[in-house]
Amino acid sequence: MRIYISVDMEGLSGVVSWSQVEVQGGEDYRRSCRLLAAEVNAAAGGALAAGATAILVNDAHNHMRNLWSEALLPRVQLISGSAKGLGMMEGISPAFQAAFFLGYHARAGSPGILAHTYNETILSCRVNGQEMGETGLNALVAGYYGVPVALLSGDNVVAVEAKGLLGNPEIVVVKEARGSQAARCLVPSLAREKIKAAAGRAVKNATNYKPLKPPRPAVLEVEFKEAGQAEMACLIPGSRRRGPRVVVFEHNDYLKVYRAFRAMARLAKDSP
Ligand SMILES: [Zn+2]
């Protein structure tokens, strides 16, 4: 059994502030890199012990060079760096039986720790009317390839978001939000124990999880903070404005929608 892992940073146990997930944070950031590798190894170790035969990890945070390959278990393969065609989901394919989302955070506008959706320009995002953050948008990419999300770790807010979208994956709540940059955290060693155990259960029950299938057509609506950001996002061929701050993109092929979304988010950051 082959397991795909997409790993972000804001949802790690012990991480509560932006300085801890940005390179400029210095020692704060480097500590988060160590926590990141340890959570990945806990999940990979649990999956391998339960019978997984291959683990592919995609570093999915910011510049995507937060994981140091020398810190990982020898049977783990790592996709490091950016830019990548599928971004946070680079490397996913029908060859995998389950996907794990580790260190994930809640969507923009929610009360989660470091809650956002891709970047600070985006207020909210919907696919066929359903509010989604990175968890939903990325789960649809896995679902496109028939791969279910079997495990997610993060705070208590993304846990609720994931349950609403994904049904019954294994969920490990490693911290409880006390504010947008404050949390009551499990100590990392306990978080790892829970992630390892949940990864084992996820592998054993892999046939029970359902992929989140993309709708056809998939209608994406992105609400930006500023009209100028929507203007830039609307440079994507095939997109259209709905009101001053909302851009819509529709396609039968969800991968095209996902790419359009990522391009919009990037363009919006270049708003004059
Ligand atoms: Zn991130």
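The angle between the Cα long axis of helix 134-144 and the longest principal axis of the Cα atoms of the chain comes to about 80 degrees, rounded to the nearest 10. Put a plus charge on the Cβ of each Lys and Arg, a minus charge on the Cβ of each Asp and Glu, and nothing anywhere else: the dipole of the chain about its Cα centre is then about 520 debye.
Dividing the helix sum by the residues of the chain, where each DSSP H run of 4 or more adds -39500 (n - 2.57), gives a mean residue ellipticity at 222 nm of -10000 deg cm²/dmol. A straight line joining the Cα centroids of the stretch 28-59 and the stretch 99-114 runs 18 Å. Output the antiparallel fraction of DSSP beta bridges having both residues in the chain, as a percent to the nearest 5. Once the DSSP bridges in the chain are tallied, antiparallel ones form about 45 percent.
Charge tally around A98: other residues with Cβ under 13 Å, Lys/Arg +1 each, Asp/Glu -1 each, net +3. Net charge in the neighbourhood of S32 (other residues with Cβ under 12 Å of its Cβ; Lys, Arg +1, Asp, Glu -1) is -3. Helix 188-204 and the long axis of the chain differ in direction by around 90°, with both axes built from C-alpha atoms. Computed over the alpha carbons of the chain, Rg followed by Dmax gives 17.5, 52 Å.
The residues packed around G200, meaning those with a beta-carbon under 12 Å from its beta-carbon, carry a net charge of +2 if Lys and Arg are +1 and Asp and Glu are -1.
For the chain, the relative contact order comes to 21 percent (Cα pairs under 8 Å, sequence separation of at least 6).
When only alpha carbons of the stretch 218-269 are considered, Rg and Dmax amount to 9.7, 28 Å. Remark: relative contact order (the stretch 138-272) = 24 percent; criterion is Cα-Cα distance under 8 angstrom and separation of 6 or more residues.
Bear in mind these aren't lab numbers, they're just calculated from the coordinates by the rules spelled out. Note that the structure is predicted; figures quoted are calculated from it, not measured. Every residue, glycine among them, receives a Cβ derived from its backbone with ideal geometry; neighbour counts consider all protein chains shown.
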